[in-house]
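Inspection log for the structure reproduced underneath, given as structure tokens.
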Amino acid sequence: MNVNLLQLTPNAADFIGRCAGICYNSRQDSASNIRRAAACKDKGHLATLRFAHATFHVTGISRACSHQFVRSKHLDFLQQSQRYVNQKDVSFVWPDKVQQSLDVTKLERAFSDFYDYLIQQGIKKEDARFVLPEAACTELIVVGNLQAWLDFIHLRNTEHAQWEIRAVAKEIERQLHESIPEIF
Ligand SMILES: Cc1cc2nc3c(=O)[nH]c(=O)nc-3n(C[C@H](O)[C@H](O)[C@H](O)COP(=O)(O)OP(=O)(O)OC[C@H]3O[C@@H](n4cnc5c(N)ncnc54)[C@H](O)[C@@H]3O)c2cc1C
């Protein structure tokens, strides 16, 4: 799994605080803006966080994980297409317990061979993909405002979420914390 922050609204906390400032006719210097952005988050004035956006490139996650990811309605997604991209050399993500119980290399070869067999028979990629498991890797670009990212982290970086999406959420939170500690 790899998570890469592609783009973030420049000076996000400053900008959020500046936008929020018009509600209160407040001072507009950068330090006040950043303090105000943090206060808005703490007090639950979360609509202010919708004025800044972050875009992540996420690779090497399973289709099982991406299916959970896309349930977050306020994030927007572009996902690698299995209709247009040949999946013969697709990678797979396996839970530790599965790897310990099975020869996953053999399993992966079998899935790739089934898939390639269908392609060789003239079956379209969009139909051949039906023999691939949820373990097949995918790639996404995900954009959202900072309130949507807070919601996602709140839901998915917890012990109740599955290990894979939890790892994604944890890494997204880490990178956002690094860039905007006032909010994350
Ligand atoms: C541990 C866990 C287990 C899950 N198991 C299942 C499962 O078995 N089956 C399944 O189908 N899904 C499951 N999900 C997915 C879950 O049902 C949600 O689809 C997903 O987590 C997105 O959350 P959300 O819809 O609450 O809000 P999001 O889409 O993330 O939206 C963010 C926020 O917007 C607000 N919001 C969104 N939609 C509405 C609305 N219609 N009305 C009012 N406010 C709204 C809420 O405040 C929400 O928190 C699971 C999720 C988790 C975290």
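FYI, it's all coordinate maths here, none of it is from the lab. Note that this is a predicted model, so its numbers are computed, not measured. Cβ coordinates were reconstructed from backbone atoms using ideal geometry, including for glycine residues, and neighbour counts include every protein chain displayed.
Structural remarks
- Helix axis angle, 163-179 relative to the chain longest principal axis, alpha carbon, degrees: 30 degrees
- Between helix 12-24 and the chain: long-axis angle, C-alpha atoms, 0 to 90°, nearest 10: 50 degrees
- Kirkwood Rh and Cα Rg combined as Rg over Rh, evaluated for the stretch 79-184: 1.09
- Cα-projected label distance for residue 121 with residue 107, points at 7 Å along beta-carbon direction, nm: 2.4 nm
- Signed unit charges on C-beta, dipole axis of the chain, positive-most listed residue 58, 111, 24: 24
- Helix 104-120 vs. the chain, principal-axis angle (Cα, 0 to 90°, nearest 10): 80 degrees
- Ranked by the mean number of other Cβ atoms within 10 Å per residue, highest first, peptides 167-173, 45-51, 93-99 order as 167-173, 45-51, 93-99.
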